Each structure stands twice: as structure tokens, then as C-alpha cells.
Amino acid sequence: MLQKDIRNIVFDLGGVLCGLDAQRCVEAFHRIGAQRIAYYVEEHRVEDLFLEAELGTITTGVFCDRVRSIVGQPVPDDDIVWAWNELLTGVSCARLEAICRLAGKYRLFLLSNTNVMHWAKCKEEYFKTSVNGHTLSAENLFQRIYLSFELHLAKPSTEIFQHVLDDAGLLSSQTLFIDDSQANVRAASQLGMLTYHNKNIDDWLTLIV
């Protein structure tokens with residue numbers, strides 16, 4: 001159960017709100033003949049072009065050009081973006097409903113290491129929900145959204161957490177951070193934030209029962 005002094009909740013995206021399926025992504029890259037890119041996903045290697053996309057230092061077009069240069073085939077941009085987005089499995093109705101309930105009592109924020117391709121899919125397909133006849137979007141559900149590719153910062157650097165606290169005017173002692181990475185949780189706790197290590201994607205739902 002949530003502590004009484006919590007006023008703000010900062011959510012991670014992948015592994016907390018949005019499901020991830022690395023094997024499905026690997027298979028998608030294999031289908032478009034990009035086996036060498038599939039290896040990055042299979043080994044969970046966030047480096048090179050994947051890290052650059054996460055930090056927003058390359059565009060989608062450059063990302064796709066780099067993939068083509070690695071695989072040595074003229075793969076269309078749309079196929080590359082589709083394969084990369086196959087990592088995402090969506091936001092369940094239970095998670096969306098929980099966010100809507102929490103929004104009535106807490107200030108909610110989103111802090112994610114992500115890239116422009118994944119975020120576009122999430123916004124267009126996963127975060128749209130209808131409440132009392134009104135269609136809500138990610139911007140409606142969260143008071144502010146902090147994304148690594150926009151900030152050019154990434155977790156677990158404490159710099160990105162400090163930016164969120166300062167920009168939103170949050171007291172760390174009143175702020176709960178939920179993430180599936182132990183390293184990210186550890187970094188947030190160094191700044192005095194309350195933390196919850198979400199080991200399985202729906203574990204955090206037990207906090208609001």
C-alpha cells in the first residue's frame with residue numbers, strides 16, 4: 001500500500017506500464033533480413049545506434065540508414081521501424097485504469113529511457129483511453145512527461161532524476177519512483193526519492209489495492 005506522505009508518483013515506461021517482448025522483436029528483425037540487428041536486441045545491448053536513438057542524438061532516418069549499413073541490404077524505413085517497435089506489447093486496460101484512478105489523488109509523471117519511434121507508437125496506440133466519454137492521451141494522464149531522447153539524458157544518471165525534481169518542483173521525500181531496473185531505482189534513492197523495484201510488470205498494481 002502507498003505511504004501516506006506520497007504526493008507524486010514517477011513511472012517508468014517499459015516493464016512498468018508498457019510490456020516488452022525481446023523475442024518478438026528479434027524475430028521481426030530476422031524477418032526483414034536484419035539478423036545482425038536482432039543480435040543487439042537478443043543480447044540487450046543498449047549501445048551504438050540504439051544508445052544514440054535513446055539519447056536523441058540521431059534521427060529516425062539516420063537510425064534506419066545505420067541499420068541498412070550494418071545489414072548490407074536496402075531495407076525500407078517502415079520495415080525497420082516496425083521491427084524495432086515489435087519490442088512493445090502495449091499497455092493493458094488494468095494499467096490504464098490504475099493510472100486514471102491514481103491521477104485523482106496523486107501528481108503523476110512519466111520518466112523513460114526511450115526513443116522517438118517507440119514513443120510515437122505508445123502515444124498513437126497505447127495511451128488513448130476513454131473516461132466518461134472523453135478520450136484521454138498520454139499528455140492528459142501525466143502532468144509532465146520526461147523522455148531521454150528529448151532531454152539527451154538517460155537513467156541511471158542521477159542528473160536526469162534531479163532534472164525531474166527541479167523542473168516539476170517535487171520534494172524527493174514525497175515522490176515515489178517505480179522502475180523495473182535495480183540500477184535506476186538505486187540512482188533515484190540516492191536523491192532521497194522513495195522507490196519501488198517492479199520485478200514483474202504488474203507488481204506495482206498491488207500498491208494501489
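Determine if region 114-124 includes at least one residue that is among the charged types (D, E, K, R), outside any loop (DSSP other than H, G, I, E, B), over 14 Å from the mean Cα position of the chain (by Cα) and closer than 21 Å to GLU54 by Cα. Yes: one or more hits. For region 166-209, a residue qualifies if it is open to solvent by 60 Å² or more (accessible area, probe 1.4 Å), in contact (Cβ under 8 Å) with a residue 60 or more places away in the chain and closer than 17 Å to LEU110 by Cβ, and exactly one does: ASP180. Residues in region 150-209 that are within 30 Å of THR59 (Cβ to Cβ) and touching a Pro at 6+ places or on another chain (Cβ under 8 Å): SER181, ALA183, ASN184, ALA187.
Does region 10-29 include one or more residues that are assigned to a helix (DSSP H, G or I), among the aromatic types (Phe, Trp, Tyr) and within 27 Å of ILE160 (Cβ to Cβ)? Checked region 10-29: no residue is assigned to a helix (DSSP H, G or I), among the aromatic types (Phe, Trp, Tyr) and within 27 Å of ILE160 (Cβ to Cβ).
I'd like to verify a number: residues in region 56-84 that are modelled with pLDDT of 90 or more, in a loop (DSSP other than H, G, I, E, B) and among the small types (Gly, Ala, Ser), how many? So the count comes out to 1. Residue check: is GLY33 assigned to a loop (DSSP other than H, G, I, E, B) and surrounded by fewer than 18 Cβ atoms within 10 Å (Cβ to Cβ)? Yes; evaluated as a whole, the condition is true for this residue.
Number of residues in region 22-72 that are over 27 Å from GLU150 (Cβ atoms) and without any contact (Cβ under 8 Å) to a residue 40 or more places away in the chain equals 10.
Of the helices (runs of 4 or more DSSP H) lying entirely inside region 136-182, those containing at least 1 residues that are modelled with pLDDT of 95 or more and among the small types (Gly, Ala, Ser) span 148-151, 158-168.
So is ALA53 within 17 Å of VAL116 (Cα to Cα), open to solvent by less than 50 Å² (accessible area, probe 1.4 Å) and part of a helix (DSSP H, G or I) or not? So that I can check it myself, show each step before the final result.
Details: within 17 Å of VAL116 (Cα to Cα): yes; open to solvent by less than 50 Å² (accessible area, probe 1.4 Å): yes; part of a helix (DSSP H, G or I): yes.
Answer is yes for this residue.
Once region 1-20 is narrowed to residues that are at pLDDT 95 or above and of a type in the set (D, E, K, R), the residue that is surrounded by the most Cβ atoms within 10 Å (Cβ to Cβ) is ASP12.
Return yes or no: is ARG186 outside any loop (DSSP other than H, G, I, E, B) and modelled with pLDDT of 95 or more? Reasoning before the result, please.
Working: outside any loop (DSSP other than H, G, I, E, B): yes; modelled with pLDDT of 95 or more: yes.
Against the criterion (outside any loop (DSSP other than H, G, I, E, B) and modelled with pLDDT of 95 or more), ARG186 qualifies.
All conditions but one from (1) open to solvent by 10 Å² or more (accessible area, probe 1.4 Å); (2) at pLDDT 90 or above apply to CYS122; the one that does not is (1). From the list LEU88, LEU102, the lone residue that is modelled with pLDDT under 95, in contact with a strand residue (DSSP E or B) (Cβ under 8 Å, 6 or more places away or on another chain) and not charged (D, E, K, R) is LEU102.
The values are calculated or read from the model by the stated rules, or taken from the named source; none is laboratory data. Everything numeric in this text was worked out from a predicted model, so none of it was measured. Cβ: placed from backbone, ideal geometry, glycine included. Neighbour counts: every protein chain shown. To get the accessible areas, we keep the full protein, side chains included, count just its heavy atoms, and leave off ligands, DNA and RNA. Shrake-Rupley method; radii C 1.70, N 1.55, O 1.52, S 1.80 Å.
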